[in-house]
Amino acid sequence: MIKRVVYFDVLNIISALAVVYLHCSGVHTFRPTVSWSLTLIIEVAFFWAVPVFVMLSGANLMGYRERYSTKEFFKKRVLKTVIPFAVWSLIAAAVRGIFPWNTEGGERSAL
């Protein structure tokens, strides 16, 4: 049985919220406005979230061989990551085919 590390859970929760803030920011298109400046502050304040996710993944995988074999590890990874990625990619492609939006301005493309 895996011993639960509470501060890993807390870091995961806080990091997930920080990544949501990062994905909602529009800082990558410069506009000299107050809202752009505030967005830049949010971007800088929460950039740490992705490296924390990577470190937590590594910390959670330490000693995995005590819990299961490498073959079972890769089987679990495929089931948890590759299959959902493929399914959601197909869904996104289908939606994009039905609703072809121009990524620059949010307007319909002339396809």
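The values are calculated or read from the model by the stated rules, or taken from the named source; none is laboratory data. Computed from a predicted model, the values in this text were never measured in an experiment. Areas reflect the complete protein model, heavy atoms only, side chains present, ligands, DNA and RNA absent. Shrake-Rupley method; radii C 1.70, N 1.55, O 1.52, S 1.80 Å.
Side notes on the structure shown:
- log₁₀ of I(q)/I(0) at q = 0.10, 0.12, 0.13, 0.24 Å⁻¹ - the chain, Debye sum with one point per alpha carbon: -0.53, -0.72, -0.81, -1.23
- Percent accessible area from carbon and sulfur atoms, the chain, protein chains only, probe 1.4 Å: 71 percent
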